[in-house]
1. State the percentage of accessible surface on the chain attributable to carbon and sulfur atoms; use a 1.4 Å probe and exclude ligands, DNA and RNA.
2. Based solely on its DSSP helices, what 222 nm [θ] is calculated for the chain when runs of n ≥ 4 H residues each add -39,500 (n - 2.57) and the sum is averaged over all residues, nearest 500 deg cm²/dmol?
3. Give me the distance between the Cα centres of the range 1-65 and the range 118-183, rounded to whole Å.
4. Give or take rounding to whole Å, what are the principal axis extents of the alpha carbon atoms in the range 104-176, in descending order?
5. How much area per residue is accessible in the chain when the probe is 1.4 Å and only protein heavy atoms are counted (Å²)?
6. Scan the chain and hand back the longest stretch that contains none of the trypsin sites (Lys or Arg not before Pro) lying in DSSP loops with at most 10 other Cβ atoms within 10 Å.
7. Give me the percent relative contact order of the range 25-177, please, defined on Cα pairs under 8 angstrom at least 6 residues apart.
8. Please identify, among 165, 136, 150, the residue showing maximal mean-square fluctuation in a Gaussian network model of the chain using a 10 angstrom Cα cutoff.
Amino acid sequence: MQTLAVDHPLVAHKLTTLRDVRTDSPTFRRLADELVTLLAYEATRDVRVTEATVDTPLAPTRGVQLASPKPLVVPILRAGLGMLDGMTRLLPTAEVGFLGMIRDEGTLQAQTYATRLPDDLSGRQCYVLDPMLATGGTLAAAIQLLLDRGANDVTALCLLAAPEGLKYMEQAFAGTEAPIRVVTAAVDSHLNEQGFILPGLGDAGDRLYGVV
């Protein structure tokens, strides 16, 4: 598994404002959207393309276009929805699936409560959207589900990651042949006893959509 913490001044600037407890939900949603677009630029460096020829106003030229099958973007509900627009802004032709997962706060284990994905993902590149990589259980379960359906290349985009979660992911996919990547704005210090990232930015879902 590969991990990339994107080192860019704009990423750091937007993340700092996201962390601020004074940032309201509308501003948080806008900044998260902008930050995901920056992360997506790095996350799609290995997106598959094929050669193509087009006619400019002056002459034919060769270039590339996204290969088939189309990439699949999978936000993990509900907080992952706040990252979807920022991702599809760079991949407007990608297909979108949805995965509902929740972490049991007692066991910290991930439970799936909804899936809206193709049964056969053979040969597909997938991009999973999950704001917080904390314990790693939810993200690992989501990626394993995609691999079980045939995906052979999975990249996860996270606003923040914890060292414990990254270690869990590395162990979970140690023997996996398919490329697994995590692209994040920062790797924070550690998890607290409740499994939340410190210093973190709070509960991403609550800050995006309010406490419901």
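The values are calculated or read from the model by the stated rules, or taken from the named source; none is laboratory data. This structure is a prediction, so every number in the text was calculated from the model and none was measured. Here the Cβ positions follow ideal geometry from the backbone for every residue, glycine too, while neighbour counts run over all protein chains shown. Protein only, heavy atoms only, side chains kept; ligands, DNA and RNA dropped before computing areas. Shrake-Rupley method; radii C 1.70, N 1.55, O 1.52, S 1.80 Å.
1. For the chain, the apolar C and S fraction of the accessible surface comes to 52 percent.
2. On the way: 6 runs with 63 residues, N = 212.
About -9000 deg cm²/dmol.
3. 19 Å
4. So the three principal-axis extents are 32, 25, 23 Å.
5. Working: 10740 Å² over 212 residues.
I get 51 Å² per residue for this part.
6. Numbers: sites that count: 22, 45.
Maximal segment without exposed cleavage sites: 46-212.
7. Numbers: 255 pairs, mean separation 31.9, N = 153.
This gives 21 percent for the range 25-177.
8. 150
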